Amino acid sequence: GAGVSQSPSNKVTEKGKDVELRCDPISGHTALYWYRQSLGQGLEFLIYFQGNSAPDKSGLPSDRFSAERTGGSVSTLTIQRTQQEDSAVYLCASSPRGRDQPQHFGDGTRLSIL
Amino acid sequence: GENVEQHPSTLSVQEGDSAVIKCTYSDSASNYFPWYKQELGKGPQLIIDIRSNVGEKKDQRIAVTLNKTAKHFSLHITETQPEDSAVYFCAARPNDMRFGAGTRLTVKP
């Protein structure tokens, strides 16, 4: 499909383990965003990429969270030493060029920490 | 930073009635205001957006109005249908996008 693709769609892991979440943006979109959505809540901004660089990391909640983007395309969000409060849906979005344009979202990865 | 408040948190209407969801924002520099619809198990989907140089925008049964002076904007859905049932999010953007907490709309057949 032509939309934003995220994998896995669901991830269950034990507390203390590391997890990697993947986002494949729409082809040609240079801007990529990660958000976190806790159950029944709104969207919490995590990080914004323009190309391979991240000019805004202000939303990352702790140093256990990191993200990278390679080749101006795929991005991975890594959570180290997971805690139960990390349980949430992690959403990725992309836009054609910058932050002043509509964002297109994937369906998210539902992360559950046991 | 920007703070977006959204009301109501839940809204139930009869099929065919209108639904209105309101949002306020705090940062006068915000210049882009999208609305998203999120169905269960899916990511948010953009349904309509408005920029700060426009006061109103309409797309079929959906319209958005913006009052820059009062710093509020609203989503209007007319002739509601059961498939309009979802969670709706407003957002405002000076730099990063700030989302409201969402409104769960239920349209009863």
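At a probe radius of 1.4 angstrom, the accessible area of chain B per residue rounds to 50 square angstrom. Ranked by the mean number of other Cβ atoms within 10 Å per residue, highest first, peptides A:13-20, A:91-98, A:103-110 order as A:103-110, A:91-98, A:13-20. Accessible surface of chain B, 1.4 Å probe: 45 percent of it comes from carbon and sulfur atoms. Using a 1.4 Å probe over protein heavy atoms, the accessible area lost on pairing B with A, summed over both chains, comes to approximately 1400 Å². For chain B, the relative contact order is 38 percent, taking Cα pairs closer than 8 Å that sit 6 or more residues apart in sequence and dividing their mean separation by the residue count.
Take region B:50-109, drop everything but the C-alpha atoms, weight them equally and run the Debye formula without solvent; then report log10 I(q)/I(0) at 0.14, 0.23, 0.29, 0.30 Å⁻¹ to two decimals. Treating every Cα as an identical point scatterer, log10 I(q)/I(0) equals -0.47, -1.07, -1.29, -1.32.
Restricting the calculation to Cα atoms, region A:15-110 shows an Rg/Rh of 0.95 when the hydrodynamic-style radius is the Kirkwood one. Take each residue in A:32-42, count the other chain C-beta atoms within 10 Å of its C-beta, and the mean is 3. Rounded to the nearest whole Hz, the Karplus-based 3J(HN,Hα) values (6.51 cos²θ - 1.76 cosθ + 1.60, θ = phi - 60°) of region B:77-89 follow the sequence 10, 9, 6, 4, 10, x, 6, 7, 4, 4, 9, 10, 10, with x at glycine and proline. Using all pairs of distinct alpha-carbon atoms, the Kirkwood hydrodynamic radius of region B:1-96 works out to 13.7 angstrom.
Residues of region B:1-46 with accessible area at least 10 Å² lower in the all-protein-chain context than alone (1.4 Å probe)? For region B:1-46, once contacts with the other chains are taken into account, B:TYR32, B:TYR36, B:GLN38, B:GLY41, B:LYS42, B:GLY43, B:PRO44, B:GLN45, B:LEU46 lose 10 Å² or more.
The values are calculated or read from the model by the stated rules, or taken from the named source; none is laboratory data. Quick caveat, the model's predicted, so the values are computed rather than measured. Here Cβ is always computed from backbone atoms with ideal geometry, including for glycine, and neighbour counts include all displayed protein chains. We work out accessible area using only protein heavy atoms, side chains counted, and drop any ligands, DNA or RNA first. Shrake-Rupley method; radii C 1.70, N 1.55, O 1.52, S 1.80 Å.
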